[in-house]
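Inspection log for the structure reproduced underneath, given as structure tokens.
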Amino acid sequence: MSEPARTLRLPMVERVLEANDEIADETRDELARRGIFAIDLIGAPGSGKTALLEATLQLLKGRRRPAVLVGDLATRRDGDRLARWCDQVVQISTGEGCHLEANQVRDALRQVDLEGVDLLFIENVGNLICPVGFDLGQTAKVGMFSLTEGDDKAAKHPYLVTAADLLLLNKIDLAPHLSFDRVGFEADVRLLNPRVPMLEVSATSGQGLERWIAWIDRASVARASAARGQALG
Amino acid sequence: MHEFSIAEALAAQVLAHAPAGARVRGIEIVVGALRGLEPDALRTCWDAVTFGTPMAGSTLEVDLRPWSIRCSSCGREWSSPVPFVACLCGNSTPAPVGGDELDLVAITVDEGGT
Ligand SMILES: Nc1nc2c(ncn2[C@@H]2O[C@H](COP(=O)(O)OP(=O)(O)O)[C@@H](O)[C@H]2O)c(=O)[nH]1
Ligand SMILES: [Mg+2]
Ligand SMILES: [Zn+2]
């Protein structure tokens, strides 16, 4: 005797990226315990993420103790550029992957001596869409746009704009040469995210970087006192 | 292509939920507007990822949630498949609000056939 198959519909509600998010939460706890402020830097290829980190590491020299994780599809070039300014740089080769995932960050962190580190930069794979949805355990997401990409990119990438804790508009030194509508760009950002701070910077000329550094310092302090409050409460 | 990673995560999740020996016929997910997911791309990845598994040939139903649009001039609220739209009142910049949910909401299986 053969029995007919029964068709069953099993309802449930479960986040698809739950496994990733659980690892990210473990990383976030570990970083918080060590007092490390972690920035996930997301932007298009060529927007200037590595250039910004190179300049940032130089400006922070002697003041903060940073480590850097760099996600890249195939090469080690970004890692090599950054290793000139920081002795704790780990390159994560993602192969085909268009974004970093929490397990890659967790594994890369095992190669860092976190003792004494107080700031972590994660340069995500160059992409304005895919990285946004994957929690890495960061404290803050920083979205980077640049003048050479065109002024419609905020409107075309609403997830990054709404998810970001800070937006950078890089290559501001090129403003005289390009017809980038900064007012229109900012208006698009404000429609999607009325409160996100925005900074115009140039990673290569240094313009605006003091405000970026000030944001990092302020945000780290705010985060640390929030964490203390939580521990007390 | 993040659709591929999402299809992989989804396949692992579905496999964990499907009763042993069951054949998976259908999957239903809900996706917020912010995710920017392409249902067709996701289905292509789903077929590739599930090939040769108990989920092979299953249908992936994607409930893509629209944007909520709110006009600050006249108070109208409506939903739209695209975030930047004008309001009937003439305001060309009503604010779009999207969700970022990405949830598995049901699995349909054939169970116990012999
Ligand atoms: N003019 C100008 N060029 C920049 C700036 N930031 C980066 N670049 C250049 O843009 C190119 C890509 O930069 P890179 O840091 O590799 O971008 P990434 O792919 O986002 O890491 C390089 O040639 C940089 O020198 C900037 O602020 N101004
Ligand atoms: Mg780079
Ligand atoms: Zn209106």
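The values are calculated or read from the model by the stated rules, or taken from the named source; none is laboratory data. Nothing here was measured: the structure is a model prediction, and the numbers come from that model. Because the Cβ atoms are built from the backbone with ideal geometry, glycine has one as well, and the counts that use them run over all protein chains shown. The accessibility values were calculated without ligands, DNA or RNA, using every heavy atom of the protein model including side chains. Shrake-Rupley method; radii C 1.70, N 1.55, O 1.52, S 1.80 Å.
Observations
- Residue count for the range B:35-50, restricted to those that are open to solvent by less than 20 Å² (accessible area, probe 1.4 Å) and either in contact (Cβ under 8 Å) with a residue 60 or more places away in the chain or not in a helix (DSSP H, G or I) (or both): 1
- Any chance residue A:135 is more than 14 Å from ligand 1 (Cβ to nearest atom) and under 18 Å from residue A:59 (Cα atoms): no
- Matching residues, the range A:1-37, being under 30 Å from residue B:37 (Cα atoms) and of a type in the set (S, T, N, Q): A:7, A:20, A:27
- Filtered residue count, the range B:83-100, keeping only those that are closer than 27 Å to residue A:19 by Cα and facing chain A (nearest Cβ under 8 Å): 2
- For residue A:8, the conditions (1) within 12 Å of chain B (Cβ to nearest Cβ); (2) touching a residue at least 24 places away in the same chain (Cβ under 8 Å); (3) of a type in the set (A, V, I, L, M) are fulfilled apart from (2).
- Some residue of the range A:62-77 being more than 17 Å from residue A:113 (Cβ to Cβ), exposed (fewer than 14 other Cβ atoms within 10 Å of the Cβ) and away from ligand 1 (no atom under 14 Å from the Cβ): yes
- Here the range A:1-37 is the region considered, the condition is being touching a helix residue (DSSP H, G or I) at 6+ places or on another chain (Cβ under 9 Å) and part of a strand (DSSP E or B), and the residue that is most open to solvent (accessible area, probe 1.4 Å) is A:15.
- Pairing residues of the range A:79-101 that are among the hydroxyl-bearing types (Ser, Thr, Tyr) with residues that are surrounded by fewer than 17 Cβ atoms within 10 Å (Cβ to Cβ), at Cβ distances under 9 Å and at least 6 apart in sequence or on separate chains, gives A:93/A:73; A:93/A:74; A:93/A:75; A:93/A:76; A:94/A:73; A:94/A:74.
- Residues that are in a helix (DSSP H, G or I), touching a residue at least 40 places away in the same chain (Cβ under 8 Å) and within 16 Å of ligand 2 (Cβ to nearest atom), drawn from the range A:113-153: A:131, A:148, A:149
- Meets criteria (open to solvent by 30 Å² or more (accessible area, probe 1.4 Å) and in contact with a Leu (Cβ under 7 Å, 6 or more places away or on another chain)) for residue B:95: yes
- Residue within the range A:25-40 that is more than 14 Å from every other protein chain (Cβ to nearest Cβ), under 18 Å from residue A:141 (Cβ atoms), modelled with pLDDT of 95 or more and in contact with a Pro (Cβ under 9 Å, 6 or more places away or on another chain) present: yes
- Those residues of the range B:64-79 which are surrounded by fewer than 16 Cβ atoms within 10 Å (Cβ to Cβ), at pLDDT 95 or above and of a type in the set (Ser, Thr, Tyr), in sequence order: B:73, B:79
- Unique residue being surrounded by fewer than 16 Cβ atoms within 10 Å (Cβ to Cβ), more than 16 Å from ligand 1 (Cβ to nearest atom) and not charged (D, E, K, R) when the list is B:88, B:104: B:88
- For the range A:117-136, the condition of being modelled with pLDDT of 95 or more, closer than 16 Å to residue A:46 by Cα and of a type in the set (Asp, Glu) holds for at least one residue.
- Elements of the type helices (runs of 4 or more DSSP H) sitting completely within the range A:38-112 and holding at least 2 residues that are away from ligand 2 (no atom under 15 Å from the Cβ): these cover A:49-60, A:102-109.
- Checking each residue in the range B:1-34 for being without any contact (Cβ under 8 Å) to a residue 60 or more places away in the chain and of a type in the set (Asp, Glu) picks out B:3, B:8.
- Picking from residues in the range B:59-78 that are within 17 Å of the chain's Cα centre (by Cα) and more than 12 Å from chain A (Cβ to nearest Cβ), the one that is nearest to residue B:12 (Cα to Cα) is B:59.
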